[in-house]
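To start, the structure under review is shown below, and the notes come after it.
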């Protein structure tokens, strides 16, 4: 199948004042929600309005508190006060007054403004149907353009121009081929799942594309015995033109051009879906783009570690009869990885260390999304509202009833992830973007998880079978002197609980709880109570693990959570920032469900 090159749609935007722009209002709302939730500034709440100061400026916003202390504001009822008179908020002035270094606040402002610009481009250039409910998985990954529901820089993509956004953003759904490099073998590390490299590429690319790339290498005088292949995102190759000049001039890298199947970006931007053959691998490629909280490159140490982590997880799931007897859990294994070998960089090859985070690939098995025969839906879809005014999941709730459907969702989604931690001592970063729900006409059947190379954590002494963990010191030199809390092994069980609660509850299911209360009048207190009751039923069947359950203790009155915006304002991307929040699971357990906030 061949795809025509697509010219980006008209990139100009109509003039629109901030007060007329819903995207400006949303960015402002999410920014202030994060400022208040993360306790960056103190506030007073009278049950209806939040009052607070940033520097010397007074602000007022209507809203409410929801589970885990999440702040929910009304976008069109936020103002700054001057002598008691309400005025429109000046976003630039507000950001520049936030506590943080001038460089950090300026970067934040630029990312917020770019988020607004890209949202406006989507609004004026993309056609959207009244409902996305009937779309298949890949189409949903493209048309779900809402972005992160918490982080205010949900579509910053710093480094992308409007033309890049139109060409490579998931929303426009434009297919493109990958670019290919030939890399001198000493400079490339790989972990493949085939007995030979040739067999791997013939399986992944097909014989015709494999031969095309071999011919391209031969035309460049590059023998397969001396060079190996590495795919690159076309935007990334263009962004790295200057950085690769030296290794290209020295023939350590050779640019071979575009070849092979066509891909389309997913919600996570780095994940690409094969639209020529949907059953082939999803691939993850690094991008020198900042989005939400971080630079979207890939840590080199994790690339060849990924297949080993997936095999570890897969063996645990397959050998544990609990998963077979209860709701089965599946994973999209990261079965192969290739990365510039920065660990072997000689002193005169500084480009290797510099480029290693920017040039790599991870292959992710797509078959679990389709093999069961159930419909696959990105988990983020569950909290969306369609253009017809109804929630994405409204037909499901009408068909099964909110209570029955929610109880089933909890059994399929929450309990398997919790069991993996309780029984085996492994915590996963289960935010919505890493989760796929398999369902039968809306009825939850199975959870599929992905993205383990940068989101799996454990404490060695808490592992059920510590002897099964990978020998990390043999996987990458960085691990040999790796401190606790730097890679996959944590210093405390508290860190495991925080990862699960943050990603599964605070920034994930809390959005579903809020949607159910807002649109269906289903009390949020009852939502968390149903989760607590499911956890209690699980505990009743896990008597042999009572000591492990007690160590994890999900019912503390106050828990620690990550401060995403505070970290951004600090200008210290390598540091961790946290704050304490109320725990609705504690309040459910102790009979205070009427005051869950």
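At-a-glance table
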{"quantity": "Matching option when the condition is surrounded by 22 or more Cβ atoms within 10 Å (Cβ to Cβ) and without any contact (Cβ under 8 Å) to a residue 60 or more places away in the chain, among 371, 336, 356", "calculated": "356"}
{"quantity": "Residue in region 381-389 that is assigned to a helix (DSSP H, G or I), surrounded by 22 or more Cβ atoms within 10 Å (Cβ to Cβ), assigned by TED's automatic domain parsing to the domain that holds residue 182 and touching a strand residue (DSSP E or B) at 6+ places or on another chain (Cβ under 9 Å) present", "calculated": "no"}
{"quantity": "Restricting region 282-292 to residues that are modelled with pLDDT under 95 and part of a strand (DSSP E or B), the residue that is nearest to residue 140 (Cα to Cα)", "calculated": "291"}
{"quantity": "Residue tally, condition surrounded by 18 or more Cβ atoms within 10 Å (Cβ to Cβ) and assigned to a helix (DSSP H, G or I), over region 293-311", "calculated": "9"}
{"quantity": "3 or more residues at pLDDT 95 or above: qualifying strands (runs of 3 or more DSSP E) within region 1-103", "calculated": "43-45, 49-54, 57-65, 71-82"}
{"quantity": "Failed condition for residue 98, given (1) loosely packed, with under 14 Cβ neighbours inside 10 Å; (2) touching a strand residue (DSSP E or B) at 6+ places or on another chain (Cβ under 9 Å); (3) within 22 Å of residue 37 (Cα to Cα)", "calculated": "(1)"}
{"quantity": "Failed criterion for residue 423 (all others in (1) more than 19 Å from residue 508 (Cα to Cα); (2) touching a residue at least 40 places away in the same chain (Cβ under 8 Å); (3) touching a strand residue (DSSP E or B) at 6+ places or on another chain (Cβ under 6 Å) hold)", "calculated": "(3)"}
{"quantity": "Region 216-233 residues that are assigned by TED's automatic domain parsing to the domain that holds residue 204, paired with ones that are modelled with pLDDT under 95 and not in a strand (DSSP E or B) (beta carbon under 7 Å, 6 or more apart)", "calculated": "none"}
{"quantity": "Condition met for residue 172 (in contact (Cβ under 8 Å) with a residue 12 or more places away in the chain, over 30 Å from residue 253 (Cα atoms), buried (at least 21 other Cβ atoms within 10 Å of the Cβ) and in contact with a helix residue (DSSP H, G or I) (Cβ under 6 Å, 6 or more places away or on another chain))", "calculated": "no"}
{"quantity": "Conditions (1) part of a loop (DSSP other than H, G, I, E, B); (2) under 22 Å from residue 297 (Cα atoms): number failed by residue 133", "calculated": "(2)"}
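The values are calculated or read from the model by the stated rules, or taken from the named source; none is laboratory data. This is a predicted model, so every value here is computed, not measured. All Cβ positions, even for glycine, are placed from backbone atoms using ideal geometry, and neighbour counts span all protein chains on display.
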